[in-house]
Every structure is written in structure tokens, then in C-alpha cells.
């Protein structure tokens, strides 16, 4: 990369190449790298996320299929996930709290990425820990929800509220999502520790890869975390609200 | 989706003009960073955007989530319910992907590679909707439910 002065013309060409079809063809037909704006680590995370999209899509589509094909009435999520607070039944309130919790964790994650690139490692690490805290709180609420439903007699093969397929769809979809959140929390803690210690400033080698890391790992971690939030947006809409 | 992102960005950028600098600045930015720290090229392209933008998106996500919750709270039914749920869902998904996951600032080559394949899911969805409907029809006929 040469350090020539940036002219307006230069910037315009650069912008055109980023967002035009012509630029896309040029990127794909160029030597060695198709994704000019993404390192291999980021590109690989994106590709993993695409494959994960298909996994979750399959769950949600199979849920749609069983829900459409059953002749028994589908249980009302609005009532099943209602909580009694102060003697009043509020529909779907736990799920709403979980949604806001996860969105908040996404917000703190986005800011952690910013501070990591600004080399403010303490702030970045603290924000990642806050993100991990909200993630753990989410899993905790999910555990509470599962316990409540299991006590009420919901099983993968049947439940007292209606169509038998409700249980299997519920446990598969929310279970797989909760698993993703749990893994995310673990990785957030690992990377927050590395950021806090300044591993990426001094070029300390990772315990597993034996390679030097870069602050970009925070952004890659963020991609995974936001994806988990994204999946929840779809689960919330299709499973809980539909 | 792409259109939605552009509109969103223009909405986000217009009040302060901050974002414009953030985007057009990219080349200048990387030169500065290379000069300063001699970091690898990938690092120089770091996605740094104003915190204000993140806070705005965060707020919007809260409002949109509240809206979709209210759809259930006020117990809207039928096509209105489905329409509102899907609209709020897509708006939220678009905001997360565009801003939080920085898709709005990536090159089109990556954007298309990531966002186009999942469209195949719509085909599977259509096929399975057809299939589910047919299974339901058979059950009604043969089991008289």
C-alpha cells in the first residue's frame, strides 16, 4: 500500500469498486483474494455463519411443516409463556425480557469492537464481560423457562396444551439457540481475558493455536454474537409470536 | 434488503453527516494507520464507526422489539398480525446485519456471497409449506379430524 495523497477522484473510484456490480466482478476475478475487505478469519466466520443459517432455517422450516400439517390445535405461546407478576398474568413477558436482554448484549458487543480497534483494551474487555453477563442471564432465563414447561408436562412427544409437535419443536429450536449462546459466552470470556492482559499488544501466542492474535478477533467474535441475536429475532417472530 | 440498507444508512447519516466521513475516510484512515503502526493490511481496514450510530441502532432495536411485543399484547389476529410480525422482524434483522455486523461497509463481493445463498431457504420453505398443507389435507380426509 503506497502512501500517496488521497484525491476526491481516488475516493470515488474506491467507493464504486466497493459497492458496484463491476467492482464485485473485479473482486471475484482477481488473483488470490475475493474478499478484499475481509481477512481470512473474518471470511471464515461469515462462511460458518451462513452454514449455521441453514441449520437454523431447517429447524424453523420443519417447525412450520409440522405446525401446518397437524390437525390438532397448536398451543398458544402467548398463554404458555405468560408469567404471573403481582397477581396479574402478563402474556409472553419472559420472552420479551429475554429479547431485550439479548439486544442489549449486542449493543455492548458492538461497542467492545469499537474500543478494541481503538486499542482501549480495558474498556473493550469490560464491555465483553458485560456482554457475557447478559448472555449468561439469557441462558439462565431459558433454563427457568424450560423448567417451568417441563413441570407443566411439556415433553418432546406430547403436552397438555395441544399439538404434540409443540414440545419437540420448542426444545430443538430454543435448545440449539441456547447452546449457541452458551458457547458464545465461553468464547467471550476467553477473548476478554486475552484482551484484558494485552495479548494482542505484545503479540503473545494463543494457548491453542500457538499463533499471535490481532484485535480483529474481537470483531470476529462480535459477528458470531450478533448472529446469535439475529437468530433470536427469527425465533421470536416465528415461534413465539406467530 | 439491499435497498433497505441504503435507506437506513441515508437516514442514519443525514442528521450529522458523520457517517459519510466514516465511509469516505476509509482510504485516508488506512494510510494513517499503516504509517503509525505498520500493521498488516487487514487490521488497517478495522471496522470503526461512531458509537452514536450503535446507540441509535440499539434504540431502534428496542423500539422495534417493543412493537412486535405489542402485536401480541394487543392480540392482533389474522393477516395484520403476520404482516406486522414479518415487517418488524425484517427491519430488526436488517439493522443487526447492516450495522452491528458491518455488512453496510463490506464490499459487494462479500455481501452477495453471504446474503444470496440463504435465499435458497425460501425455496425449501415454499416446498415444505406445500407439503405441510397436503399432509394436513390427507389427515383431514382420512382421519376426519
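Segment residue A:93..residue A:151, full-extension length gain: 19.0 nm, with 0.36 nm per residue of separation and the alpha-carbon distance subtracted.
To test your reading of the geometry: what angle, between 0 and 90 degrees and rounded to tens, separates the Cα axis of helix A:8-19 from the longest principal axis of chain A? The helix A:8-19 is inclined about 40 degrees to chain A. Legend: calculated FRET efficiency, residue B:125 to residue A:202, from the Cβ-Cβ distance at R0 = 51 Å, rounded to 0.05, equals 0.55. Which residue fluctuates the most in chain A, going by a Gaussian network model with Cα springs under 10 Å, if the choices are A:227, A:54, A:170? Per the Cα network of chain A with a 10 Å cutoff, A:54 tops the list.
From its DSSP helices (H runs of at least four residues, each -39,500 (n - 2.57)), chain A gives a residue-normalised ellipticity at 222 nm of -23500 deg cm²/dmol. Where does helix A:121-151 land angle-wise versus the long Cα axis of chain A, in degrees 0 to 90, nearest 10? The angle comes out at about 20 degrees.
Look at the alpha carbon pairs under 8 Å that are at least 6 residues apart: their mean separation over the length of chain A gives a relative contact order of 22 percent.
Each 10 Å bin from zero holds the following percent of Cα-Cα pairs in the stretch A:30-157: 10, 22, 32, 21, 12, 3, 0. Report the FRET efficiency, 1/(1 + (r/R0)^6), for residue A:211 and residue A:182, where r is their Cβ-Cβ distance and R0 is 25 Å, rounded to 0.05. So the FRET efficiency works out to roughly 0.45. Treating r as the C-beta distance of residue A:52 and residue A:74 and R0 as 41 Å, the FRET efficiency rounds to 0.95. Taking A:35, A:207, A:176 in turn, the Gaussian network model of chain A (Cα-Cα springs below 10 Å) assigns the largest fluctuation to A:207. Based on the Kirkwood radius over alpha-carbon pairs, what is the Stokes-Einstein translational diffusion coefficient of chain A at 4 °C with 1.567 mPa s viscosity, in µm²/s? For the chosen part, D equals 62 µm²/s. Quick one: grab the alpha carbon gyration tensor of the stretch A:55-120, order the square roots of its eigenvalues as a ≥ b ≥ c, and give me rounded if a/c is under 1.5, else prolate or oblate depending on whether a/b is larger than b/c. Oblate is the answer for the stretch A:55-120, as a/c is 1.5 or above yet b/c matches or exceeds a/b. For the residues A:71, A:131, A:53, a GNM of chain A with alpha-carbon springs under 10 Å puts the largest fluctuation on A:71.
If you model the stretch A:123-242 as an ellipsoid using its alpha carbon gyration tensor, with each semi-axis the square root of five times an eigenvalue, the axes come out at 37, 13, 12 Å, biggest first.
No lab work stands behind these numbers, since they all come straight from the coordinates. From a predicted model like this one, the values you see are computed outputs, not experimental measurements. With ideal geometry, Cβ positions are generated from the backbone for all residues, glycine too; neighbour counts draw on all protein chains shown.
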